[in-house]
1. Evaluate the following for residue C:112: is it buried (at least 18 other Cβ atoms within 10 Å of the Cβ) and away from chain B (no Cβ under 13 Å)?
2. Residue B:283 - would you say it is farther than 15 Å from residue B:175 by Cβ and either surrounded by fewer than 20 Cβ atoms within 10 Å (Cβ to Cβ) or in contact (Cβ under 8 Å) with a residue 24 or more places away in the chain (or both)?
3. Which of the residues belonging to segment C:31-81 are at pLDDT below 90, assigned to a helix (DSSP H, G or I) and either farther than 17 Å from residue C:311 by Cβ or within 17 Å of the chain's Cα centre (by Cα) (or both)?
4. Which of (1) at pLDDT below 95; (2) not in a loop (DSSP other than H, G, I, E, B) does residue C:108 not meet, given it meets every other one?
5. Go through (1) in contact with a strand residue (DSSP E or B) (Cβ under 7 Å, 6 or more places away or on another chain); (2) surrounded by fewer than 17 Cβ atoms within 10 Å (Cβ to Cβ); (3) within 14 Å of chain C (Cβ to nearest Cβ) and name the single condition residue A:25 misses.
6. Across segment A:319-339, what is the total count of residues that are more than 8 Å from chain C (Cβ to nearest Cβ) and assigned to a loop (DSSP other than H, G, I, E, B)?
7. Considering (1) crowded, with 24+ Cβ neighbours inside 10 Å; (2) over 19 Å from the mean Cα position of the chain (by Cα), say which one residue B:206 fails and leave the rest.
């Protein structure tokens, strides 16, 4: 480690965003040719640190060295010229262009003053072969799966000669087989001499692929460890600053099947954005005091299913019953009053108004209850916010701060506090812990169990198979818009469910 | 940087007007300078006053409707001897301000004089000069030219908005045609009944084409920019058109027989001259052929289009009108 | 912490407009010098001609009254994520509505009733024009920018026809004077304002600004309107019906623009004159952007643009009026690039278009 300059050396990085202190003297040393995990809770400053390293934003103070050269204050194009590139959580691809066109975009091969399409495809194909990243070069990006799109992002960097790759939560959107595939690619790149920094908060990933791990907490780097000398418990403790219980608790035994259903979905068909039948004849019941988990690779109709039940997507045919009430064609508002609560899958797009204050977000969807003669009751709204902030440990605690200023975990806590702090019988929970840190996951899981134990019916959709397995009393699997399998808690395991998720197996559930 | 620039004083910068001089203020209409018509005419007249009378003139270009009054007021309050509003739209504002600033002389180009219940014009306030033009006299002469040059027993007229103001042009023109060719027919058409009729070249072209197709060789237009369509038609049909207000020869060189011009410059110069000689008084000033307030264009451009005998005949008519032997009607 | 927040607020909301202003001033300096005049003298004349004497200040107030209305109109639209470019036509319709009611009322109508009816007529006429893009947007998803732009032509041409063919006083482009509903000038109470067009409709307009503020930030409807404007997907999730919000927002926007018509018709000339709007509807877009879609900001921005407009007259002897127009343009450009909120808003509406297309 001392024989040559490290690939990356960040020293005393400080960064403010208005009132938020995102990095406080953070440091990071990454050896040449290693896979280095950068872990921490959401809001710990990992992404900010990587954005500073990749030149996307300047640092307030501190120095950045790459291969011993001081590059403090560089921009993204200088960074990529020096071989440092970042794959973001949200892909930056042009969906109407092909893979090859996306990869070469900005550095197109040119012959006789014109874009040389043939050479672009050839170059990208040979790059695919070299790196082991398998993507068809002439396909439109719009037609790719998420995992493939991610590979295109990595290819883009390799095409530009990147030797230091920064990956921001790359597995957040992948199915288990795709994750395994990604690890293979990353190892191969490392063996070819690349240096990889992996931002994550999933401890099994850290253990699986990294050589070294740096832990961040509250904007500072608190510990650097050799992966093989540490354990998930130690890392989690460093992340949260206290002991964390990571064991998977078995779900309570399935509820009494004779009890009447709190949520009854019958032969539901829902149109999707691109397909006619995003949800194809799906039927199931959720009993009070039961968590029904829906597993599946994203994009197999789970989103449309939940949106249809929540009332924000039209139902083509079929019925949705809440208790005894048919809510198939009722408004969102009516469903809410009838006892339906909904944690939407995308808090940035649906769950929150990012520019609204914490207090205003905490009444979002329930604004009718905080109104008298059309006038908002400011005092009631603030009181409500203060009590929810304490109860759900939302930080920072100032109710007038915009939701935008909070970390992902705390933003999700606003949604949880709002949807679970109200009266409800049925809870729809879509990806409730996506992009949320370990401490908050623990908390959210506990809240969901608490709701179940209080006799609520919970419909849980998650791309994290482990989460579904951890929480659910029964587990259904969706593939291609259909419910292809249903397991009891005891029958289910990753091995059993995996083939159903990929469509390799199916046993249609009536 | 800004603070530093505040102290820069270029040599040409304007000095404050000194008291006692011949200070004149002119407020243009919204079109502002460069309209090749009234505003430019007023500018030319004012510049002549600067050269010949030593007047100092300040111009104001309004940005919106309420700026007209504001501009007049600004100039009146600054102690200008004479404040001129260019265009009939200033009528109300001038009337109101004249009562407020009785010590200031005002003049309005094309000032609208209302007709009282007794059938007589209502005079403007004592310190307002209403500068009006005998458009019918100028139109009379171009009517004669149209009939003499056209030679087809049919002449045309395209008016803008169908109002008494434009009827004046029509009536004078018709009289001019009949004066030299009693059995000639005058085709008259108007582009519309709204102000839009003054800015509709498409309609102008349409009307002109139909008239040319009926055997008309010369069309006189009094229709603002609608007339551009008339010129366009003259060009495509190889016939003649007559311009209005200003010399419009350049709109269709070779096809513009002449133009009936309102000498706003002369009227403006004249009223400034009165002020400088301390003989300004309010009232209605009609600028006709005798006062050089209206004229037809006869210069190097169109000399070849108007035969000498026509020129002589028209000049004779002009003398008759000035002498009062011919009374040109101003309404139909 | 508190200190931090004050600093953040300064950086986010006060600094960008200030920077924009300084940029515009420097550009103005250069333009003025290019014209051979001394910037210091010109600026001083501009200030003296506006805030330096009560007449000039009255004119500023007069112009700001109309601009506040059109600025509020555009701001309410933008808060709902809609770009209302039709304030010009709505303003004209409002003025016309006030004038027609003022003409229909008998001369002896009690003042309070007459003014109330005329003001309502202005808002209703503007609101009616605004409701057209509102319905088309809510029902058929029609692009409100195109509809409002085109509707300007329709409304202005229609009013032009009505006035010049049916209602005008001969040899003018305006209607007869209204019989009832005229609002006195400020000079009736403060002699210093003598001669300026400023009038008591400014009180009605400021009241409207306060009501708009209360509506946006203190009512449920305002809460829902802003939610639709910020994130329509989230609004949908919360059970807010975007279509209804769009319709209401555009109708309200039109009504606010229409309200501006009372300034000219009831307060100044007491008749409707063709073309009285003079671009105030379009300038309202700039007022809203610089006022950051906040009613308080809109009032301040309206004062700013009114100052530039009236000041332009004062310095007209030294520099052509186009210089002031260029200055306005520079301020707008500078603000559009400097204010993050405006950038976000414009970007947001672009994305919404993409998503809905």
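The values are calculated or read from the model by the stated rules, or taken from the named source; none is laboratory data. Nothing here was measured: the structure is a model prediction, and the numbers come from that model. Here Cβ is always computed from backbone atoms with ideal geometry, including for glycine, and neighbour counts include all displayed protein chains.
1. Answer is no for this residue.
2. Yes.
3. C:33, C:34, listed by residue number.
4. For residue C:108, the exception is condition (2).
5. Looking at each condition in turn, residue A:25 falls short on (3).
6. 8
7. Checking residue B:206 against (1) crowded, with 24+ Cβ neighbours inside 10 Å; (2) over 19 Å from the mean Cα position of the chain (by Cα), the one that fails is (1).
For every residue, the table says whether it meets (1) surrounded by 15 or more Cβ atoms within 10 Å (Cβ to Cβ); (2) modelled with pLDDT under 65.
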site	(1), (2)
B:3	no, no
B:9	no, yes
B:12	no, yes
B:27	yes, no
B:35	yes, no
B:43	yes, no
B:47	yes, no
B:51	no, no
B:59	yes, no
